[in-house]
Amino acid sequence: LWHGDKLDLFLRAMERVADRFTGTVVLMEKLVELITEEGLKATLLALGTVLVLLFIDFRHPGYVILGAIPLLAGFIWMMGLFVLVGKKFDVANVEAVPLILGIGIDDAVHVLHAARQRGVNAMPEVLRHTGRALVLTTLTTAIAFGSIAFSAHRGMAGMGILLVLGVWSCLITSLVLLPALMKIFFKGKESE
C-alpha cells in the first residue's frame, strides 16, 4: 500500500465499498497531498523572495536575470542528477527544494558582486579568489547535508542526496555558466 500506484488503487476500491472510511492509509494520502501542495507553495515563495532580494541588492534587472539563470540551471541539473543516481522524489525530499533555492543563489550573488567590483574582464581573478572561497563554503555545506544521506530513514537519506547534488550543481553553474553569460551580457565591456 505504500507504493503510490497501489495506494491509489486501494483508495479507489474503498470508495466503491463505503462513502466514508478512515485509517492510516487515508491519513497518509491526505498528508502526501498536503505536503505536495504546501511544498509547491513554499518553492514558489522561496523563488519569489530570492528574485525580490536580488533586485533589492543589485537594483538592475540584468543582474537579477544573471543571478537567477545559474540558480535555475543548477536546480534543473540537480533534479536530473537525482533521477540519474536512481532516486525518486517523495514527500520527504520535496521539502529540500525551497532550501536549495535559498542556498543555491549565494554562489551567483558572490560572483556577481566580485565581477561588479573588479570588472567582467577580471573574471579569471574573480574565479581564482571568489571561486576558491565558494568551493570551500560549498564543501562544508555539502558535508553537513551529506551526513543526512546516511540516515536510516529513506526519505531523509534521499533529502540529503538531493541537497548535496543541489549545492554542487548551483556552484558549478555559478562558476562556469555565469561567467560565460556575463561575457555575453556585457560583450567584453566593463560592468557597471
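The values are calculated or read from the model by the stated rules, or taken from the named source; none is laboratory data. Quick caveat, the model's predicted, so the values are computed rather than measured. Here the Cβ positions follow ideal geometry from the backbone for every residue, glycine too, while neighbour counts run over all protein chains shown. Areas reflect the complete protein model, heavy atoms only, side chains present, ligands, DNA and RNA absent. Shrake-Rupley method; radii C 1.70, N 1.55, O 1.52, S 1.80 Å.
Residue check: is Ile143 out of contact with any helix residue (DSSP H, G or I) (no Cβ under 8 Å at 6 or more places or on another chain) and modelled with pLDDT of 90 or more?
yes
Considering each residue of the range 15-30, count those that are open to solvent by 100 Å² or more (accessible area, probe 1.4 Å) and either touching a helix residue (DSSP H, G or I) at 6+ places or on another chain (Cβ under 6 Å) or closer than 14 Å to Val91 by Cβ (or both), and give that number.
Adding up the residues that qualify gives 2.
So which of Phe185, Phe145 is of a type in the set (Phe, Trp, Tyr) and open to solvent by less than 70 Å² (accessible area, probe 1.4 Å)?
Only one candidate qualifies: Phe145.
Take the range 110-142 and flag every residue that is more than 11 Å from Val167 (Cα to Cα), assigned to a helix (DSSP H, G or I) and open to solvent by less than 30 Å² (accessible area, probe 1.4 Å).
So in the range 110-142, the residues more than 11 Å from Val167 (Cα to Cα) come out as 110-133, 136.
Add one more test, that the residue is assigned to a helix (DSSP H, G or I), and what stays is 110-118, 120-133, 136.
Correct list: Val111, Leu112, Ala114, Ala115, Val120, Ala122, Met123, Val126, Thr130, Gly131.
Under 8 Å between Cβ atoms, which residue pairs at least 6 apart in sequence (or on different chains) link something in the range 151-162 that is over 18 Å from Leu81 (Cβ atoms) with a partner that is modelled with pLDDT of 90 or more?
Ser151/Ala157; Ser151/Gly160; Met156/Ile148
Mind checking which residues of the range 31-77 are open to solvent by less than 50 Å² (accessible area, probe 1.4 Å) and of a type outside the set (A, V, I, L, M, F, W, C)?
Selection gives Gly39, Thr43, Gly48, His60, Gly62, Tyr63, Gly67, Pro70, Gly74.
I need the full set of residues from the range 148-166 which are open to solvent by 40 Å² or more (accessible area, probe 1.4 Å) and either of a type in the set (Phe, Trp, Tyr) or more than 13 Å from the chain's Cα centre (by Cα) (or both), in order please.
Ile148, Phe150, Ser151, Ala152, His153, Arg154, Met156
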